[in-house]
Amino acid sequence: MICRILFVLGFTVATAGAGSIAPPPPGKLYQGFYWDGAETDEHDPTEHDVAPEDVARYETAVGAKTVWVYFSDNWFESRKFPASMCGWIRDLGRLPYIRLMLRSDLDQQHPEKKFTLTRIIAGDFDDDLRAWAEDAKTFGSPILIEWGTEPNGDWFAWNGKWNGGAKEGSKRYVAAYRHIVDLMRQEGAVNLQWVWHANWYDEPETKWNAFENYFPGETYCDWVALSAYGPLTPRTVDGLESFRFKIDQAYARLITIAPGKPVIVAEFGCDLHNHHVDAAQWAKSALDDLFSNRWPSIIGFCWWNEGWQNDDNKKHDTDMIVLHDADLTRVFREEFARHADQIQEAPLVSN
């Protein structure tokens, strides 16, 4: 018989060695935290513009602790392991959750200029990946990590549309994904817990681009994840369906290809000023459904707190930041209070 010992990471210091991050007890959920603030003339979001005070301010406002801090590690900025950021997250007793983003810029809807799937597979970045993995191993404590976020969406450069299309696109993605994971495991970075993260719908909506085709295999991920957003801008007129509708569409597909894997909603959110959907009501329904255990494999969720400019008209800016809307903040606080016994506020780690 194999005995698994679980322990809870404290909320002042987390000094645990390498171990796997366990799901919360049945009926409970983890809450993650993403924060990058709103884009302004003086601030350009980089998907890692977060500080300890942001975590504290959010948790105070919603009345519940978060388990991980989710952020992007952009290789156009640095190819070094983000030790400093992971360090302060660990000092808070939270888990770093890294989006490993091998990309040349933040722009979307174009082929990758440097970190192409072909070059990743060929080993052109192996030295950098090995150094990154070595530093991650030295960091020592558990880290959630994903590469190739939302591969079934053509907004990212690793989507098949930009990498050989129907015949080669998903195959190249899977080969690149496995190459990165294999290399980091060979370096002994066993504290990295891999999350494979798809979007709830396929764009383009064609058979070859179905997210099932991008799945790297059960041995290449510990958890699986979905993104499911409401309308993303004030003027959006499509994608108005409920969170329930979107997760229902994707959940059965996901648990079919990854049976038994824990599932997280890595990203969800809704623009605060859309003319067709009330963000507070959309979020309330989403949280009600999450806490109802409608999707038993789901073990956690994370709202995408960010805002950005869409054009020169300020009224068209996207804003999904919970703390920017009193009704939305109230919804989170009331839902978390009502379901306090279902929130696992400290990560569980198994040896």
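What's the long-distance tail for the stretch 180-337, i.e. % of Cα pairs beyond 27 Å? List each step's numbers first, then the result.
Working: 3931 of 12403 pairs.
More than 27 Å apart: 32 percent of the Cα pairs in the stretch 180-337.
How much length is gained if the chain between residue 285 and residue 106 is pulled fully straight, taking 0.36 nm per residue apart and subtracting their Cα-Cα distance, in nm to one decimal?
Details: separation 179, 0.36 × 179 = 64.44 nm, distance 3.15 nm.
Roughly 61.3 nm would be gained on extension.
Taking the Cα centre of the stretch 196-315 as the origin and placing charges on Cβ (Lys, Arg +1; Asp, Glu -1), which of 259, 230, 270 is farthest toward the positive end of the dipole?
259
Using 1/(1 + (r/R0)^6) with R0 = 22 angstrom and r between the beta carbons of residue 118 and residue 76, what's the FRET efficiency to the nearest 0.05?
Working: r = 18 Å, r/R0 = 0.83.
Plugging the Cβ-Cβ distance into 1/(1 + (r/R0)^6) gives 0.75.
Between residue 292 and residue 237, 0.36 nm times their residue separation minus their Cα-Cα distance comes to what? Mind dumping the intermediate values first?
On the way: separation 55, 0.36 × 55 = 19.80 nm, distance 2.86 nm.
Taking residue 292 through residue 237 to full extension adds about 16.9 nm, to one decimal.
Beta carbons within 10 angstrom, averaged per residue: use that to sort the peptides 31-40, 318-327, highest first.
Details: 31-40: 20.2, 318-327: 18.3.
The densest-packed peptide leads the list: 31-40, 318-327.
Could you please report the charge total around residue 248, scoring K, R as +1 and D, E as -1 over all other residues with beta-carbon less than 10 angstrom from its beta-carbon? Before the final figure, lay out each step's value.
Numbers: positive: 244, 246, 294; negative: 241, 289.
Computed value for this residue: +1.
State in Å² the accessible area per residue of the stretch 226-351; use a 1.4 Å probe, count heavy atoms of protein chains only, and round to the nearest integer.
Details: 5180 Å² over 126 residues.
On a per-residue basis, 41 Å².
DSSP beta bridges in the chain, what fraction antiparallel, as a percent rounded to 5? Don't skip to the answer; put the middle values down first.
Details: 8 of 48 bridges.
So the antiparallel bridges in the chain amount to around 15 percent.
For Cα pairs less than 8 Å apart in space and 6+ apart in sequence, what is the mean separation divided by the residue count of the chain, i.e. the relative contact order in percent?
Values: 722 pairs, mean separation 87.7, N = 351.
After rounding, I find 25 percent.
Please name whichever of 72, 92, 120 sits farthest to the positive end of the charge dipole of the stretch 68-123, dipole taken about the Cα centre and charges placed at Cβ: Lys and Arg +1, Asp and Glu -1.
120
Treating the beta-carbon of each Lys and Arg as +1 and of each Asp and Glu as -1, no other charges, what is the dipole magnitude of the stretch 256-351 about its Cα centre, to the nearest 20 debye? Working shown, then result.
Working: 8 positive and 16 negative charges, 76 e Å.
The calculation lands at about 360 debye.
Short version: ³J(HN,Hα) in whole Hz for each residue of the stretch 331-347, in order, from phi by Karplus 6.51 cos²θ - 1.76 cosθ + 1.60 (θ = phi - 60°), x for Gly and Pro, what are they?
4, 4, 4, 5, 5, 5, 5, 5, 10, 4, 6, 9, 9, 8, 8, 10, x
Would you grab the residues whose amide H sits under 5 Å from the one on residue 154? Only those 5+ places off in sequence or on another chain, please, with H modelled 1.01 Å from N.
Answer set, sorted by chain and number: 203.
Taking the dipole about the Cα centre of the stretch 272-349, with the C-beta of Lys and Arg at +1 and of Asp and Glu at -1, give me whichever of 295, 324, 310 is farthest to the positive side.
Going by the charge dipole, the pick is 295.
Would you please give the residues with an amide H less than 5 Å from that of residue 197, counting only those at least 5 places away or on a separate chain, with H modeled from the backbone geometry?
150, 225
Tell me, what % of the accessible area of the stretch 226-351 is carbon and sulfur with a 1.4 angstrom probe?
Looking at the stretch 226-351 in its full context, I get 49 percent from C and S.
The stretch 63-102 to the stretch 121-143: how many Å between their Cα centroids?
That distance is 15 Å.
Looking only at the stretch 177-203, which residues have a backbone nitrogen under 13 Å from a spot 7 Å from the Cα of residue 88 in the C-beta direction?
The answer is none.
Only residues of the stretch 280-303 count here: report those whose backbone N is under 17 Å from the spot 7 Å along Cα→Cβ of residue 245, or say none.
So the set is 280-287, 289.
Quick check for me: using +1 on Lys/Arg Cβ and -1 on Asp/Glu Cβ, what's the dipole size of the chain about its Cα centre, in debye to the nearest 20?
Details: 34 positive and 53 negative charges, 279 e Å.
With Lys and Arg at +1 and Asp and Glu at -1, about 1340 debye.
Pulled fully out, how much extra length does the chain show between residue 350 and residue 41, if you take 0.36 nm times their separation in residues and subtract their Cα-Cα distance?
Details: separation 309, 0.36 × 309 = 111.24 nm, distance 4.53 nm.
This chain segment gains 106.7 nm when fully extended.
If r is the Cβ-Cβ distance from residue 314 to residue 252 and R0 is 41 Å, what FRET efficiency results, to the nearest 0.05?
Numbers: r = 41 Å, r/R0 = 0.99.
FRET efficiency, residue 314 to residue 252: 0.50.
Consider the candidate values [x] 1.01; [y] 0.93; [z] 0.98; state which one is Rg/Rh (Cα atoms, Kirkwood Rh) computed from the structure displayed.
[y]
Note down the magnitude of the dipole of the stretch 23-135 about its Cα centre, charges +1 on Lys and Arg C-beta and -1 on Asp and Glu C-beta and zero elsewhere, to the nearest 20 debye. Don't skip to the answer; put the middle values down first.
Working: 13 positive and 22 negative charges, 135 e Å.
That gives a dipole near 660 debye.
The values are calculated or read from the model by the stated rules, or taken from the named source; none is laboratory data. Everything numeric in this text was worked out from a predicted model, so none of it was measured. Cβ: placed from backbone, ideal geometry, glycine included. Neighbour counts: every protein chain shown. The accessibility values were calculated without ligands, DNA or RNA, using every heavy atom of the protein model including side chains. Shrake-Rupley method; radii C 1.70, N 1.55, O 1.52, S 1.80 Å.
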